[in-house]
1. In the range B:22-75, what residues are within 14 Å of chain A (Cβ to nearest Cβ), open to solvent by 40 Å² or more (accessible area, probe 1.4 Å) and part of a helix (DSSP H, G or I)?
2. Hey, among the residues in the range A:149-173 that are farther than 18 Å from B:GLY174 by Cα and of a type in the set (A, V, I, L, M), which one's farthest from the other protein chains (Cβ to nearest Cβ)?
3. Could you say which residue among B:PHE121, B:PHE100 is more than 14 Å from chain A (Cβ to nearest Cβ) and over 24 Å from B:GLU218 (Cβ atoms)?
4. Hey, among B:LEU274, B:LEU224, B:LEU187, which residue is touching a residue at least 60 places away in the same chain (Cβ under 8 Å), within 30 Å of A:TYR127 (Cβ to Cβ) and part of a helix (DSSP H, G or I)?
5. For the range A:77-93, name all the residues that are at pLDDT 90 or above and either over 19 Å from the mean Cα position of the chain (by Cα) or not in a helix (DSSP H, G or I) (or both).
6. Residues B:ALA106, B:ALA131, B:ALA119, B:ALA153: which one is open to solvent by less than 30 Å² (accessible area, probe 1.4 Å) and free of Cβ contacts under 8 Å to residues at least 24 places away in the same chain?
7. Given the conditions (1) in a strand (DSSP E or B); (2) touching a Lys or Arg at 6+ places or on another chain (Cβ under 9 Å), and given that A:LEU125 satisfies all but one, which numbered condition is not satisfied?
8. Within the bounds of the range B:250-265, is there any residue that is within 21 Å of the chain's Cα centre (by Cα) and either of a type in the set (Gly, Ala, Ser) or open to solvent by 60 Å² or more (accessible area, probe 1.4 Å) (or both)?
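The values are calculated or read from the model by the stated rules, or taken from the named source; none is laboratory data. Just so we're clear, the structure is a prediction, and the values are computed from it rather than from any experiment. Here Cβ is always computed from backbone atoms with ideal geometry, including for glycine, and neighbour counts include all displayed protein chains. These accessible areas exclude ligands, DNA and RNA; they are computed on the full protein's heavy atoms, side chains included. Shrake-Rupley method; radii C 1.70, N 1.55, O 1.52, S 1.80 Å.
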Amino acid sequence: MSSAKDRAVTDRRTWIRTAMGLLLGIVSASPLLARPEAPSQGPVLRGAGATFPAPLYQRWISVYGQQQPEVKITYDAVGSGEGIRRFVAGEVDFAGSDAAISDEQAAQITRGVQLVPATAGMVVLAYNLKGLEGPLKLKREAYVDLFAGRITKWNDPRIKETNPTLSLPNQTITIVARQDSSGTTYALTNHLSAISPEWRDRGPGIGKVIDWPGGAMLARGNEGVASRLKISEGSIGYVEYGFAKRLGLPMAWLENKRGQFVEPNDQSGELALGANSKLLPTGLRSFMPDPDGEHAYPIVTFSWLLLYRHYPAPEHASALKTFVAWGLSQGQAHARELGYIPLPALIAEQARGELDNIE
Amino acid sequence: MKRFEQFSASDAISGPPSKADYWVDRSFRTVTHLCAWLILAIVIALLWQIGEKAIPAIRDYHLGFLTSAVWDANKDQFGILAEIWGTLYSSILGLIIGGFFGVVMAIFLTQDFLPPLLAAFFRTIVELLAAIPSVVYGLWGIFVVVPVLRPVANWLNETLGWIPLFSTTLSGPGLLPAALVLAIMILPTIAAVSQDALRLVPYRTKEAAYGLGTTRWEAILRVLLPTASAGIFGALVLGFGRALGETMAVAMLIGNSNQITLSLFSPANTLAALLALNFPEAGKVEVRALMYAALVLLLITLLVNMLGTALMHRTSKALGVKTR
């Protein structure tokens, strides 16, 4: 009979021991998770930032990676604002931004900052409207009012006026905008401020994040906005040209400085950039809030890579320099296919020259 | 006699507790005590830590945070009125729909409308709804609920557009799709807890009602439901609490738009969605504001639960039912 009692006690003991063991196991297992990564052969370059040029950078990384397999490059598309934040905090080796970098932010970087324009692109107003027979044409006043929340229905006279042949529905307009701090938002609001003093002085102004007066649906990243547009009927939003093209979203023709309605396509973008392709000022920071030209698309922007002037490891600096120089020459050939505007030769040349500042 | 001897022997099964037994019992008691207190400690620590991080924002924005509907990280102006509105609007709407169907389903499954086997089958199916991950609900909402709702919503807008509830068209994500999916998500909770409450009503009570000559419906509506009301109320409060805090599906479906509107079809935002979507990128000041928002959400949930419990006690007292 003693065996029964003993067994009961032992059972309890084993139970407690198991529980203790489990607890200890959980506590002691955690350091095991933080195992150091296996050392890789070549330098690892980490980048983060704008979603606008991300497809192009990913393409560069994969093509360049085939040529130079020992260099590992990563790029997280997290939005220009977050990219700049990480760059200032020194969490990455380079960053991407369509809003360049402000002087105050640049002043915080002790290692120095070198801006390199890497590509350019158009910000298009893509929309989702069923049963429209042709492209939507928007005059300047109309799309400013749209984003300011003063036009709320698709059959508003200000839209009808320039689209007499389209049957515009009596449907609520839903604006889709960026939630994260974004260079695309910056480029759009920069343009809106340039064409509307009302927007600049009494409206939201220029910024990477905007509190949209009309109430907008917010989505993360260019791809987020594009996919939100895709599932929302009666919506309109702003994305980089390539994203809208890939999802097959129709894009509005916008009225440019000369009063022409311009379809966003490779040529109109290149015309906008070409008409303004003088040498960039020192620092290579330049915005074109309202490009001139008969057939130029009105909303274009450069997208920059932010590099440090000094890298502690020489192999990092040289690997990054070769990669960026490659992007500025051979890499440009991939731009058009993905919906970007190749840099004018003059500017690419100037940018390559500036790479010498990096040590 | 023989048996007695057996027990009194030294190796008897009921011997005095050994030292090990004492030790085990005492440590077990300590562990259970500790665990119970730990829960309280976790709640307090949670409130404390969130509150501490929210203090700078509370100092900066005071109660104006609750009454302004601006969320502008550029100008460091933050307010969550639109999110509070959206949270309550979508949750109450979800509760009305989900509560109605949940309670009806509980009646249907417990009041002998179905053969027991079939009822058990249905019960399992309803409980299965609770096992579906919230992100799946979100996707389902986007690709199934929204396209189904859209023509209905747009027809309502066309014919009854003068009613503020239908004043916009439904483009995609919006309040109604979010509320509908919320209703489905809280349905299993409400149905399961209400079923328990209804099953706890003694069979004699129902028989007595029948004995007095009531019809089945009179018995259900006048006798059973009031008797089980405390439990059903608890089910509704639980469901409402879940709806308030539901994040993923709502974040995918509500449209994430910072505006206050009565329209069922326009996009809106909730506190949980705001937290989930804004945290990854928020700067220092915005994080504080988000902490303040988290604190508000926590307090709303606490308040709802406390109100629910208080109301539950009152109704059960008024009805003369003893709560456990």
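1. Filtering the range B:22-75 down to residues within 14 Å of chain A (Cβ to nearest Cβ) leaves B:22-32, B:34-35, B:38, B:68-75.
Keeping just the survivors that are open to solvent by 40 Å² or more (accessible area, probe 1.4 Å) gives B:22-23, B:25-26, B:28-32, B:34-35, B:38, B:70, B:74-75.
Answer for the range B:22-75, where residues must be within 14 Å of chain A (Cβ to nearest Cβ), open to solvent by 40 Å² or more (accessible area, probe 1.4 Å) and part of a helix (DSSP H, G or I): B:TYR22, B:TRP23, B:ASP25, B:ARG26, B:PHE28, B:ARG29, B:THR30, B:VAL31, B:THR32, B:LEU34, B:CYS35, B:LEU38.
2. Looking at the filtered set, the residue picked out is A:LEU166.
3. On the way: B:PHE100 fails: over 24 Å from B:GLU218 (Cβ atoms).
The unique qualifying residue is B:PHE121.
4. Values: B:LEU224 fails: within 30 Å of A:TYR127 (Cβ to Cβ); B:LEU187 fails: within 30 Å of A:TYR127 (Cβ to Cβ).
Of B:LEU274, B:LEU224, B:LEU187, the one residue that is touching a residue at least 60 places away in the same chain (Cβ under 8 Å), within 30 Å of A:TYR127 (Cβ to Cβ) and part of a helix (DSSP H, G or I) is B:LEU274.
5. Matches in the range A:77-93: A:VAL92, A:ASP93.
6. On the way: B:ALA106 fails: free of Cβ contacts under 8 Å to residues at least 24 places away in the same chain; B:ALA131 fails: open to solvent by less than 30 Å² (accessible area, probe 1.4 Å); B:ALA153 fails: free of Cβ contacts under 8 Å to residues at least 24 places away in the same chain.
Sole residue among the options that is open to solvent by less than 30 Å² (accessible area, probe 1.4 Å) and free of Cβ contacts under 8 Å to residues at least 24 places away in the same chain: B:ALA119.
7. (2) is the only condition that A:LEU125 fails.
8. Yes, there is a match, as at least one residue in the range B:250-265 is within 21 Å of the chain's Cα centre (by Cα) and either of a type in the set (Gly, Ala, Ser) or open to solvent by 60 Å² or more (accessible area, probe 1.4 Å) (or both).
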